[in-house]
Amino acid sequence: MGMSEQVSTDKDPYTPFSPLRRWRFAVVVPIFVATLLADQLSKEAIRQAANGVLGWTQPLLPGFMSFTLTANTGAAFSLGEGKLGLFICIAVVSVLASGIYLVRARHVSWLEVCGLALVAGGAVGNALDRMLHGSVTDFLATDFINFPVFNIADIAITLGVLLAFIGFAVFVPASSPAKASHVKNVSAALRGDADASASRLSPEAASATQEGDRTPQTSPSEAGEDDRQDV
């Protein structure tokens, strides 16, 4: 599928956006790399600070959040523990699917591009942990509620999915005012709008209608005279 040769510059967020592939990847690559580096460097810093001791904790925001080193063999937020190979495969598939979508989709929103870059960066970050350490390093713990310990990659994946969903559901051609106007016109036609129905008449039907209008009509007086002649 060919890409548009121009990037839309219309400020209307609902205008179909057809950026070139090089624009998409010029946005995706920096976000992906930044997410991956932030995730890996933060995990390594915590492992060094804790000397690799699981359960090590250090207040970050007293009463709100703290650093707590844990090893997670599951997915984001410690879900589905014990399925190491499955989650590596899921990470690979999600990254490949995101890349294929960004290459082949004709219309995308900038939120989708940014969101998928975050998802890919977070997925690769956690996958690297699983391959190198056999588990994912989690270290961000909430102190005000009982919530699973998480990391930068988990945040990136969650935020990325949210942004991509909003971008796809809201800022796409299917949600544009033009599309809404088209749907409104179709609805009006289905309700029997006279103008819409007339505009849909075929040339043959229109001709037949016109011939019917030209059929001579017999007046009541002429009909009466014919009856008297018969008598």
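The values are calculated or read from the model by the stated rules, or taken from the named source; none is laboratory data. Predicted model, so just to flag it, every value in this text is computed and none were measured. Note that each Cβ is placed from the backbone with ideal geometry, even for glycine, and that neighbours are counted across all protein chains shown. All accessible areas refer to the heavy atoms of the entire protein, side chains included, with ligands and DNA or RNA removed. Shrake-Rupley method; radii C 1.70, N 1.55, O 1.52, S 1.80 Å.
Restricting attention to the stretch 62-75, the residues that are modelled with pLDDT under 90 and over 19 Å from residue 125 (Cβ atoms) add up to 2.
Restricting 130, 106 to residues that are assigned to a loop (DSSP other than H, G, I, E, B) and basic (Lys, Arg) narrows the list to 106. Just one of (1) crowded, with 16+ Cβ neighbours inside 10 Å; (2) modelled with pLDDT under 90; (3) not hydroxyl-bearing (Ser, Thr, Tyr) fails for residue 134. It is (1).
On the given criteria, is residue 36 open to solvent by 40 Å² or more (accessible area, probe 1.4 Å) and either of a type in the set (A, V, I, L, M, F, W, C) or assigned to a strand (DSSP E or B) (or both)? In short, no.
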